[in-house]
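Quick note: the coordinates plus some simple rules give every number you see, no bench work behind them. On a predicted model such as this, the values are computed, not experimentally measured, just so you know. Neighbour counts are summed over all protein chains in view; Cβ atoms, including those assigned to glycine, are modelled from backbone coordinates with ideal geometry.
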Amino acid sequence: MSDNTSHVGFGELPLDERLTIAREGTSWFARHLAGISDGDLDEPSSLPGWSRKHLVAHVGYNAAALTNLVTWASTGVETPMYPSAQQRNTEIEEGATLSAAALRNLFDHTAARLDEGWRHLAADRWDFPVRTIQGRTVAASETAWMRTREVWIHTVDLGSGATFDGFGEPILVSLFDDVLGAWRRQSAGGRLRLVVDDGAPTDVDPAFDGARSQVIGTLAAVVGWMCGRSTDGIANPDDVPPPRWL
């Protein structure tokens, strides 16, 4: 967390530990997916406008897109995540029409391909620059965080009982920083003051000189709120909604 250096973030871990956390998130998603019946995959997810089928298709195609970046790093040949943002959206909509069995196979197959790409990427290629769908240039090693963020958060979005309490501290710390950074870049939520575990407050806009709205809770509770997923365990006296961050 940028305002509390006592916490260790995801990016501070060795690469093998980061990959382990990403794989654990994939396994967590898989366990929750296995507990949902085929019929219940047609039910709404926690994301507005998306069924669980949309969500599974998105997570599956995300693994395929990240595999493209790993391939780019491995070969040096530009391989974008998606041909375009519109193609990505179309792919998800079409994926949501697949049968439950096909979607489960899509998730398993694409996750296995990404893991294979990681395992075979040479040590000197992890720093190779690749480009995300948002246009950011990042090292290939960033795919570990990109996948971690997807699978852990979207397991909660399946609406099958997973919560942010199941996240490890490095994930929560880095999500806190990701969302905070996005808000600051967008000049959003400037009046917010975040207080985690009764520690030192983090002001979204330190220069704001008006009355602040406090959001107080454990790290898991505050991050869940920041990500727009949960208000459980949060003290939010002004009932302020979190700004968008993606």
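Along the charge dipole of segment 166-226, pointing to its positive end and built from +1/-1 on Cβ of Lys, Arg, Asp and Glu, which listed residue (ALA221, GLY189, GLY166) has its Cα farthest out?
Of the options given, the answer is GLY189.
Whole-Hz ³J(HN,Hα) for each residue in segment 21-27, computed from phi via Karplus 6.51 cos²θ - 1.76 cosθ + 1.60 with θ = phi - 60°, x for glycine and proline: what do you get?
Values, residue by residue: 5, 4, 5, 5, x, 4, 5 Hz.
Report the FRET efficiency, 1/(1 + (r/R0)^6), for ARG184 and ASN89, where r is their Cβ-Cβ distance and R0 is 25 Å, rounded to 0.05.
Working: r = 27 Å, r/R0 = 1.10.
It comes to 0.35.
Quick one: which of 142-150, 191-199, 75-83 comes out on top by average Cβ neighbours within 10 Å, and what's the full order, highest first? Numbers along the way, then the final one.
Details: 142-150: 22.4, 191-199: 17.4, 75-83: 13.1.
Those peptides, ordered most packed to least, come out 142-150, 191-199, 75-83.
Does segment 92-145 classify as rounded, prolate or oblate by the C-alpha gyration tensor (a ≥ b ≥ c root eigenvalues; a/c under 1.5 gives rounded; else a/b over b/c gives prolate, otherwise oblate)?
Here segment 92-145 falls in the oblate category.
Taking a quarter of the surface of the Cα convex hull of segment 123-239, what do you get in nm²?
Numbers: hull surface 35.7 nm².
That works out to 8.9 nm², a quarter of the Cα hull's surface.
Would you grab the residues whose amide H sits under 5 Å from the one on SER213? Only those 5+ places off in sequence or on another chain, please, with H modelled 1.01 Å from N.
LEU192, ARG193
Determine how many Å³ per residue the convex hull of the Cα atoms of segment 21-75 encloses.
92 Å³
Give me the extension gain from ASP209 to GLN134: residue separation times 0.36 nm, minus the current Cα-Cα distance, reported in nm with one decimal.
Full-extension gain reported as 23.7 nm.
If you average the alpha carbon positions of segment 195-234 and of segment 59-87, how far apart do those two centres end up, in angstrom?
34 Å
Suppose each label sits 7 Å from its Cα in the direction of the beta carbon; what would the ALA200-ASP232 distance come out to in nanometres?
Output for this residue pair reads 3.1 nm.
How large is the dipole of the chain about the Cα centre if only Lys and Arg carry +1 and Asp and Glu carry -1, each at its Cβ, rounded to the nearest 20 debye? Before the final figure, lay out each step's value.
Numbers: 21 positive and 33 negative charges, 102 e Å.
Roughly 500 debye for the chain.
Ranked highest first by the average count of other Cβ atoms within 10 Å around their residues, in what order do 209-219, 33-43, 59-69 fall?
Details: 209-219: 16.0, 33-43: 13.4, 59-69: 22.7.
Most protected by this proxy first, the peptides run 59-69, 209-219, 33-43.
Please work out the Cα convex hull volume for segment 166-226 and give it in Å³ per residue.
For segment 166-226, the hull spanned by Cα atoms encloses 75 Å³ per residue.
Over segment 10-162, what is the relative contact order in whole percent, taking alpha-carbon pairs under 8 Å and six or more residues apart? Don't jump to the answer; show the numbers that get you there.
Numbers: 193 pairs, mean separation 56.1, N = 153.
Reported relative contact order: 37 percent.
For a quick size check, give me the Cα extents of the chain along its three principal axes, largest first, whole Å.
Extents along the principal axes, in whole Å: 50, 46, 31.
If you stretched the chain out fully between VAL240 and HIS120, how much longer would it get, using 0.36 nm times the residue separation minus the C-alpha to C-alpha distance? Show your work: numbers first, answer last.
Numbers: separation 120, 0.36 × 120 = 43.20 nm, distance 4.63 nm.
Separation in residues times 0.36 nm, less the Cα-Cα distance, equals 38.6 nm.
Where the Cα atoms of segment 1-133 are projected onto their three principal axes, how long is each span, largest first, in whole Å?
44, 39, 26
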